[in-house]
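Everything below concerns the one structure shown next.
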Amino acid sequence: MNRTQRDRYPNFINGQWVQSEKCFQNRNPADNTLLGSVSEAGRAEVDAAVQAARAALDGPWSKMTTARRAELLHAVADGIMARFDEFVAAEIADTGKPYHLASHLDIPRGAANFKIFADVVKNVPAESFEMATPDGGQAINYAVRSPKGVIGVICPWNLPLLLMTWKVGPALACGNTVVVKPSEETPATATLLAEVMNAVGIPPGVYNVVHGFGKDSAGEFLTADAGVDAITFTGETGTGEAIMAAAARGIRAVSMELGGKNAGIVFADCDFDKAVAGIARAAFDNSGQVCLGTERVYVQRPIFERFVAALKDKAESLRLGDPLAEGTSFGPLVSLEHRRKVLSYYARAVGDGATVVTGGGVPDMPGALGEGAWVQPTIWTGLPESSAVIREEIFGPCCHIAPFDTEEEAAALANDTQYGLATTIWTRDIGTAHRMAGAIKVGICWINSWFLRDLRTAFGGAKQSGIGREGGVHSLEFYTELKNVCVKL
Ligand SMILES: NC(=O)c1ccc[n+]([C@@H]2O[C@H](COP(=O)([O-])OP(=O)(O)OC[C@H]3O[C@@H](n4cnc5c(N)ncnc54)[C@H](O)[C@@H]3O)[C@@H](O)[C@H]2O)c1
Ligand SMILES: N/C(=C\C=C\C=O)C(=O)O
């Protein structure tokens, strides 16, 4: 489909491409080259998108049988995979992530998120209860789920398609309609998905995309729009607070997937090579830009020095380079602005007395890559737990390693944070594993693994890492209204 001439990334409203008066530039973080201009939706475009979603909700979409909706969502997933190379290229251009990651995680999961929820809504049972009534008779109760309505979907830049369809999949499967506000850093795959939606025959207005920023831009206009029935957000905890405040007006439900400062805990009895490989993935995959990633590593004292040396080797074996090149295993950060944030923590670590085991700066990159948002994968030791580097989410390819002695000490260290998203525990002792899983206050706990995902399981954060759980039947709690019908027999 020919998109609007000026903007490579126009808005998508009611099945049509809509250009805004204002636009902003989208750049490839690997070499800072200009990818194209993006329409910045104003209040009028956002409201038009919400109205279109409302009209679609009252149209054929929510009256469609669950089986038919599920069929269409499987077709959307197939449509993404049919254009796999385009989606992979678009995601890499927007984020700089290596080909292997975009092709093995982002895009396949972006499609799978439609399939899983199409299947869940077809197979989930509803509850019913018989009851004796005071008059000696009987009644039967049964529960019915209906769509919640127009859902505002606000997404981050680190796994753009995956995290957007993790919300849009269940929302549409449950018969809602959506207005998506992708991150300003990564407009491409949400825009490409609009082409797939049209090609598959998803009715106009069911899936809408408005581009822009947060405050004083499309994000804020969307959360302030009274036509939005509920808001699902993935992003920083601070942003979550602002969105919750907006959602309070009109008492709109929120689903929040927020920040983390996750601990990795390595016991002396672990499978050492697997633990090193697992923590290296959790610290450096996607250049550390994964909410579930590990920025705090606690290693039992007997293997502490050996582990630090082994993780250093892993960090120094990462292959920085053109994200499209065979063998590249480490890309840039998402933007020069985010690099400034990450480098400020690299400096803070040194200021707080850290030993820089490896990294800590900007790598020399060849040619045009020298203009990109590159940082070195970095490991520190020797910081006090009070350092901002240990307390605050950096969202970069860096971690601090500290020793511990006992299970109780490790659990206390892991829990000493405002966040509660994820943890990864490495031990061969089944008792240790389950005691630690019980003691650490997070939403997701991996044992001898990391980022292993069964999409039927509950996903979400405790404390300031989120509100609600999504995944499998858990998503239905947010994306539907549950009604009880009581029938006197
Ligand atoms: N818990 C999870 O599942 C999960 C997953 C991925 C990322 N994250 C978190 O996301 C963060 C990184 O993503 P980010 O930098 O894009 O987050 P961010 O909070 O800066 O932005 C996220 C989205 O919110 C929008 N936004 C910003 N301010 C807004 C406002 N006032 N009103 C409405 N919308 C607003 C942005 O434009 C963007 O689309 C990290 O903290 C990471 O931990 C969490
Ligand atoms: N929500 C998910 C991943 C989140 C990754 C955070 O960066 C998922 O795997 O469903």
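The values are calculated or read from the model by the stated rules, or taken from the named source; none is laboratory data. Note that this is a predicted model, so its numbers are computed, not measured. Cβ coordinates were reconstructed from backbone atoms using ideal geometry, including for glycine residues, and neighbour counts include every protein chain displayed.
Observations on the model:
- Any hit, region 147-160, residues being more than 16 Å from ligand 1 (Cβ to nearest atom), within 19 Å of residue 468 (Cα to Cα) and among the basic types (Lys, Arg): yes
- Beta carbons closer than 9 Å, at least 6 apart along the sequence or on distinct chains, pair a first residue in region 453-474 that is farther than 24 Å from residue 416 by Cβ and among the β-branched types (Val, Ile, Thr) with a second that is within 11 Å of ligand 2 (Cβ to nearest atom) and assigned to a strand (DSSP E or B) for 457/444.
- Some residue of region 335-357 being part of a loop (DSSP other than H, G, I, E, B) and touching a Cys at 6+ places or on another chain (Cβ under 9 Å): no
- Only one of 361, 327 that is part of a loop (DSSP other than H, G, I, E, B), in the same structural domain as residue 398 (by TED's automatic domain parsing) and within 16 Å of residue 400 (Cα to Cα): 361
- On inspection, residue 169 fails the criterion of being more than 11 Å from ligand 2 (Cβ to nearest atom) and not aliphatic (A, V, I, L, M).
- Residue 97 meets each of the listed conditions (1) within 16 Å of the chain's Cα centre (by Cα); (2) of a type outside the set (A, V, I, L, M, F, W, C); (3) surrounded by fewer than 22 Cβ atoms within 10 Å (Cβ to Cβ); (4) under 26 Å from residue 365 (Cβ atoms) apart from (3).
- Residue 180 within 16 Å of ligand 2 (Cβ to nearest atom), out of contact with any Asp or Glu (no Cβ under 9 Å at 6 or more places or on another chain) and of a type in the set (Val, Ile, Thr): yes
- Within region 447-460, being crowded, with 20+ Cβ neighbours inside 10 Å and more than 10 Å from ligand 2 (Cβ to nearest atom) holds for one residue alone: 450.
- Contact map, region 274-293: residues that are outside any helix (DSSP H, G or I) paired with residues that are among the aliphatic types (A, V, I, L, M) and more than 12 Å from ligand 1 (Cβ to nearest atom), Cβ distance under 6 Å, separation 6+ or inter-chain. Pairs shown: 293/282.
- For region 193-220, the set of residues classified as crowded, with 24+ Cβ neighbours inside 10 Å and within 16 Å of ligand 1 (Cβ to nearest atom) consists of 193, 208, 209, 210, 211, 212, 218, 219, listed by residue number.
- Tally, over region 427-439, of residues that are surrounded by 21 or more Cβ atoms within 10 Å (Cβ to Cβ) and either assigned to a loop (DSSP other than H, G, I, E, B) or small (Gly, Ala, Ser) (or both): 1
- Among the residues of region 222-246, those identified as among the β-branched types (Val, Ile, Thr), under 13 Å from residue 179 (Cβ atoms) and either away from ligand 2 (no atom under 16 Å from the Cβ) or in a loop (DSSP other than H, G, I, E, B) (or both) are 223, 228, 231.
- Residue in region 43-61 that is of a type in the set (S, T, N, Q) and touching a Phe, Trp or Tyr at 6+ places or on another chain (Cβ under 7 Å) present: no
- Residue check for residue 173: among the hydrophobic types (A, V, I, L, M, F, W, C) and either crowded, with 23+ Cβ neighbours inside 10 Å or not assigned by TED's automatic domain parsing to the domain that holds residue 238 (or both): yes
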